[in-house]
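These notes are about the structure you will find just below.
What follows draws every value from the coordinates through simple rules; no lab data is involved. On a predicted model such as this, the values are computed, not experimentally measured, just so you know. Positions of Cβ are backbone-derived with ideal geometry, glycine not excepted, and every protein chain shown enters the neighbour counts.
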Ligand code: IVH
């Protein structure tokens, strides 16, 4: 630990230029100190020195308010606090929920479940409010609360045990609970408590919170648990994770058990017997919304029978057995000040509305998406009119809405408020960034820059995606730094591979060292290089997602990784896939992968320029294979299965999902790689092909025994 030499210039004596430089130096020092303390757990300066730096920063900002930096350390309490928590890997992933917005989507949910389960009889669901807070997982061992964690990315969350221990709704000791019990639910703040907290914040000159959800999150994610203790946080239990024994046979039974154990459970939870029942309960809860006393943003429906929940299982991050029926979005009217065009990583030109700031459902909105040129012109996806054909012009009075956390949208325009000189918006036909022609494919609503790898905007966006949280997630290399490095004449980062050669290029360039740049110093450079080094080994699913290939989001990347298991197999499959060949058949047989993804993936992997960039990147990395799931005791782990003919007892989707959960691959056609064919009645050419190849063929009953479903 080093002691810092005190800064000698009195704040009162600083010139504006010196103050600006000093604020920059302090921001870099404090951010390096935060990283060392919170993330690396290796403090490099004393607490007293840290406080002195922070005080000096505050004093300079007070004297020169205009010079306050966008990344001012005084605003970074939240972020800095958050990174100070230890990490917790959830033993059972914390899931999110699929959304439904209409009655038709709810009946569709019921239809899909019935189809998956091949179930025609009665089917019960629970319906309960969707609390607008933040989810927590509470782990009890031998009846004692031993750990509390936030959801994080679902796999890893933050350890907030000390904070949870201060919440009165959370029992610290349970009697009669399973030896291991993880209770999950929502931490939230009531309307009354939120209003009182904001009043106290005003009185003490501290910042107020925009809404109860933010207040709850800000209160829970405090490194100093005594602050959490002083905040009125509540908790509703609605789910569970790791368990040493089942809680009950039904969702409703499990929730009742949690209530008996001493948890608050939502009193508006009911059992419904049909989609009509669900919709009726939804209407009741919506009518009560304003008087419940806490924020809710919809109603959650869950299949009641836990054995059926288990059969339905999960997609990559949401269960098949639950859905959130969201309330209609919140609305507000404001002025459209300008329309900007942003170029995305796949070249899509996206129009963004710049708005006169307006509060929509508790959040200040100043930007909204305008989707695409047809949307602005008043044409819908199929060419017909939307908004009765009204176009949107700069200067218009527009209606903004937002549903949940999604980007705000513009729903409507009031023509009576249109300025006389407003002009129809002309959508650009060339890229605003690189000038390349921007074209629309037949049937595509989006106009795309054709500049590809030469377009700087696409390049920067790809890099931002590459370093984003769900991809490489490199500490200290976020969107802002990527923009800076992209333009750096001496140490540029133009493609992902450049990130991993940054340290060696810096070492070879004695004259223009990174540590001498604005905002960097010895410590922050060391930290950055260490953070980059730490990500040289990367799991396959994250890597595939990071490539930023069109149509390949997190979920699709996870499906691909799980199927191909290693980079070499993925690369071989995607590089050789072409419609009609076996590699294509293998790719499109993966549940959730269709022709659109297959085309996009094979095009990217077969494009020489793209491939060169990918190959250079791969050479820098160790791509970690996917560990096979449930290999222990699973008779089909690692095998390639083909289903053919009609399955009578289990739907095709369930059979496929089950096989994959047991560590098998499911292919669409029989080849020399097939290990086992499950043939139902009516099996034709595939069964014959299997016979010819000497592959083992079993019937549905034998499959059900293998799958442990009998
Ligand atoms: S169930 C697998 N029930 O909504 C089931 N979630 O959008 C996991 N939430 O991450 C969730 N109220 O934080 C469930 N009654 C409720 C809920 C609820 C709020 C949150 C939860 C989840 C998010 C998904």
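Brief remarks follow.
- The tail of the calculated P(r) for the range 666-710, taken as Cα-Cα distances beyond 13 Å, holds 52 percent of the pairs.
- The alpha carbon gyration tensor of the range 443-490 gives principal lengths a ≥ b ≥ c with a/c of 1.5 or higher and a/b no greater than b/c, which makes the shape oblate.
- Protection proxy ranking of 569-581, 364-376 - average other beta-carbon atoms within 10 Å, highest first: 364-376, 569-581
- Overall form of the chain per C-alpha gyration tensor (a/c, 1.5; a/b vs b/c): rounded
- Distance from the C-alpha centroid of the range 425-502 to that of the range 621-687: 39 Å, rounded to the whole angstrom.
- Each Cα pair under 8 Å and six or more residues apart adds its sequence gap; the mean of these over the residue count of the range 152-292 is a relative contact order of 31 percent.
- For the range 606-699, the relative contact order comes to 27 percent (Cα pairs under 8 Å, sequence separation of at least 6).
- Highest mean first, the peptides 117-125, 177-185 sorted by other C-beta atoms within 10 Å per residue fall in the order 177-185, 117-125.
- Contact order, relative form, for the chain: 9 percent (alpha carbon pairs under 8 Å, 6 or more residues apart, mean separation divided by residue count).
- Each residue in 556, 400 was given a count of other beta-carbon atoms within 10 angstrom of its own, and listing them fewest first yields 556, 400.
- Highest to lowest packing among 245-256, 100-111, scored as the average C-beta count within 10 Å: 245-256, 100-111
- Taking other Cβ atoms within 10 Å as a rough exposure proxy, 317, 226 sort from fewest to most as 226, 317.
- Ordering 51, 169 by the number of other Cβ atoms within 10 Å of each residue's own Cβ, fewest first, gives 51, 169.
- Cα shape, the range 353-421, gyration tensor, a/c 1.5 rule: oblate
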